[in-house]
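> Okay, here's the structure, questions in a sec.
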């Protein structure tokens, strides 16, 4: 209760005004306030007196979860409170569930009758990214798409859950997802897949595990040469990527002092606005959102600022490898080839 009978009476008066439409400027119903303030007795009283359970169902459920009052949550769901049937609501539900690690919550979620085949992929990817195994297991068991890879604001590169597990260097999650049937061959928008991310993270154990699961042709040098022939890399570039050194250091520079190139076998095929390119840089100091790309059309290296979607020519391979620090730092300040 709200402390005494006077407060309860006042809440009921407010309830009548809101549900009766007399005071539409009131933003929250008494039922919402009671749930937010964790007043379970008042919640039950308002429901028994006829509070509209179809109004702001999302907020009622989210508030009960936030307060960790599972008794109130269970009561509201049993009384008929439901989420809106859309991706946004289901995603927000699981954002409130993340990290709570209480199986009791999931038995209540069962009663919401959510279509996880339709809406479960997005929260699954987020749960995996956050390392929440309990939620990931629940979502997969209830039909969420284990290979979901539609882009959204948080994951604009159209990654799968197993890609995000590899990106977070979570080998246990990667192995578990593979055991559940995750497809490790699906790349994201910029060509990364679990194996290439393991390489970037220098996780040799994970990289070896994933390499053994990938198609054998992907790691056969003769087949790889056939696949990459269309990109017309100069002989000097091919030999360098085969023999190294792949780590480039230039401590005298201000913005970028090192970068690491992919080995010849690990360069990524990328399509950018219908242009087929090769991504040749695995990592760069301070600026993770830049790609160094080989363009077969003009036989030059280009760079892509992923965040701002700016794509510019940078240098020939010969010029770049002679002074990589100059060009990578120039890339950060917006150089174009010839400038």
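The values are calculated or read from the model by the stated rules, or taken from the named source; none is laboratory data. Values in this document were obtained by computation on a predicted structure and should not be read as measured data. Heads up, the Cβs are rebuilt from the backbone with ideal geometry, glycines too, and the neighbour counts pull from every protein chain shown.
> Quick check: anything in the range 197-219 outside the structural domain of residue 282 (by TED's automatic domain parsing), assigned to a loop (DSSP other than H, G, I, E, B), more than 15 Å from residue 267 (Cβ to Cβ) and over 23 Å from the mean Cα position of the chain (by Cα)?
Yes, the conditions are met somewhere in the range 197-219.
> Is there any pair linking a residue in the range 263-284 that is within 20 Å of residue 201 (Cβ to Cβ) and not assigned by TED's automatic domain parsing to the domain that holds residue 317 to one that is buried (at least 16 other Cβ atoms within 10 Å of the Cβ) and modelled with pLDDT under 95, with Cβ under 6 Å and at least six apart or on different chains, and which?
none
> So, residue 241, is that one in a helix (DSSP H, G or I), touching a strand residue (DSSP E or B) at 6+ places or on another chain (Cβ under 7 Å) and not assigned by TED's automatic domain parsing to the domain that holds residue 162 or not?
Numbers: in a helix (DSSP H, G or I): yes; touching a strand residue (DSSP E or B) at 6+ places or on another chain (Cβ under 7 Å): yes; not assigned by TED's automatic domain parsing to the domain that holds residue 162: yes.
So residue 241 passes the test.
> Just to confirm my filter: which helices (runs of 4 or more DSSP H) fall fully inside the range 67-112 and include at least 2 residues that are over 23 Å from the mean Cα position of the chain (by Cα) and buried (at least 16 other Cβ atoms within 10 Å of the Cβ)? Give the derivation first.
On the way: elements: 70-79, 87-97, 103-110.
Those helices (runs of 4 or more DSSP H) span 70-79, 103-110.
> Here's something else I'd like to know. Of all residues being in contact with a helix residue (DSSP H, G or I) (Cβ under 9 Å, 6 or more places away or on another chain), in contact (Cβ under 8 Å) with a residue 40 or more places away in the chain and surrounded by 12 or more Cβ atoms within 10 Å (Cβ to Cβ) in the range 228-248, which is nearest to residue 202 (Cα to Cα)? Just the residue, please.
The extreme case among them is 248.
> Could you list, in sequence order, the residues of the range 36-61 that are more than 16 Å from residue 112 (Cβ to Cβ) and part of a helix (DSSP H, G or I)? Let's see the steps before the verdict.
First pass over the range 36-61, keeping only residues more than 16 Å from residue 112 (Cβ to Cβ): 36-52, 55.
Those that are more than 16 Å from residue 112 (Cβ to Cβ) and part of a helix (DSSP H, G or I): 36, 40, 41, 42, 43, 44, 45, 46, 47, 48.
> Among (1) assigned to a loop (DSSP other than H, G, I, E, B); (2) buried (at least 17 other Cβ atoms within 10 Å of the Cβ); (3) modelled with pLDDT of 85 or more, which single condition is residue 64 missing?
(1)
> So which residues in the range 265-293 are more than 23 Å from the chain's Cα centre (by Cα) and more than 22 Å from residue 239 (Cβ to Cβ)?
Selection gives 274, 275, 276.
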